[in-house]
1. Which residue, of Ser171, Ser182, is under 22 Å from Ile224 (Cα atoms), among the hydroxyl-bearing types (Ser, Thr, Tyr) and modelled with pLDDT under 85?
2. Looking at the stretch 150-164, which of the residues that are hydrophobic (A, V, I, L, M, F, W, C) and surrounded by fewer than 16 Cβ atoms within 10 Å (Cβ to Cβ) is modelled with the lowest pLDDT?
3. Could you pull out every one of the strands (runs of 3 or more DSSP E) wholly within the stretch 74-149 that has 1 or more residues that are modelled with pLDDT under 75, open to solvent by 40 Å² or more (accessible area, probe 1.4 Å) and within 30 Å of Ile173 (Cβ to Cβ)?
4. Would you check which residues across the stretch 185-232 are within 27 Å of Tyr142 (Cβ to Cβ) and at pLDDT below 75 and list them?
5. Within the stretch 175-206, track down each residue that is part of a strand (DSSP E or B), exposed (fewer than 13 other Cβ atoms within 10 Å of the Cβ) and among the aliphatic types (A, V, I, L, M).
6. Among the residues of the stretch 2-20, is there at least one that is part of a helix (DSSP H, G or I), open to solvent by 80 Å² or more (accessible area, probe 1.4 Å) and modelled with pLDDT of 75 or more?
Amino acid sequence: RTDTYFELGIPHYLIFITDIQHILRDEERMAWQRLLRVLSHEINNSLTPIASIAETLGQLVNTQDSDQTIASPQLQVSMKEGLSVISERAHALNHFIQDYQQLTRLPTPTKTVFELAPFVHQICQLFDGCNITLPDQDISLYADRDQLQQVLINVFKNAHEANVAADNDASPIDVKWVTSESTITIYVTDHGQGIHNPENLFVPFYTTKQQGSGIGLILCRQIIMNHGGEFT
């Protein structure tokens, strides 16, 4: 944005430069939250009666004699199987929605002071081949320990899976950090084949993993942004 002003009768231009990256991300996050609230409301309204009716009908089928309402044993088996599928999918879809609702319920960070080196060491013990390169001096962080742990576990898990997918499961996960006067940068490096769809990296619902939820990296970025940092 620009404006003009006069000083000693001479016109001057004043230029305002604003970094809108965070603003755009907040708008994007709020849009997804609104969408998720609507989806959750509508889907839960359908899932609850579906699951309840399916379970009730399943119990009724179990108590029927083959010579009463349901005369065909084959039909009885088919109904049992079908109702079982309905009930299972209803519960699975409900669990799916609850995972995505985390985006709308991420709490404000509760910050404390803790040492970074033992914190990272503790998380690395959960993963095979996790190598840490430490600076000469440890550093104290003022952050939400639980939320930052969630971020690193997600990133280490992705790094391990990338190594395995590339048949490099014996390769290490390299972790190092560098500090400046006001920032700390933590690097996590795997030996996989890289990210094939970087443009979809932070799109909710998108995942290339068979068991993935498409939520992990979005939560990681939101947690780091809530701490005033950047996640790349």
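The values are calculated or read from the model by the stated rules, or taken from the named source; none is laboratory data. None of these values were measured; they are calculated from a predicted model. A quick note on method: Cβ atoms are made from the backbone with ideal geometry, for glycine too, and the neighbour counts reach across all protein chains shown. To get the accessible areas, we keep the full protein, side chains included, count just its heavy atoms, and leave off ligands, DNA and RNA. Shrake-Rupley method; radii C 1.70, N 1.55, O 1.52, S 1.80 Å.
1. Values: Ser171 fails: under 22 Å from Ile224 (Cα atoms).
Within the list Ser171, Ser182, the selection yields Ser182.
2. Step one: of the stretch 150-164, the residues hydrophobic (A, V, I, L, M, F, W, C) are 151-153, 155-156, 159, 162, 164.
Now narrow it down to the ones that are surrounded by fewer than 16 Cβ atoms within 10 Å (Cβ to Cβ): 153, 164.
On the way: Ile153: 89, Val164: 82.
Filtering the stretch 150-164 for residues that are hydrophobic (A, V, I, L, M, F, W, C) and surrounded by fewer than 16 Cβ atoms within 10 Å (Cβ to Cβ), the one modelled with the lowest pLDDT comes out as Val164.
3. On the way: elements: 112-115, 130-133, 140-143.
Here the list reads 130-133.
4. Filtering the stretch 185-232 for residues within 27 Å of Tyr142 (Cβ to Cβ) gives 185-189, 202, 215-232.
Within the stretch 185-232, just Ile215 meets the criteria.
5. Val178
6. Taking the stretch 2-20 as the starting set, the residues that turn out to be part of a helix (DSSP H, G or I) are none.
No: the stretch 2-20 contains no residue that is part of a helix (DSSP H, G or I), open to solvent by 80 Å² or more (accessible area, probe 1.4 Å) and modelled with pLDDT of 75 or more.
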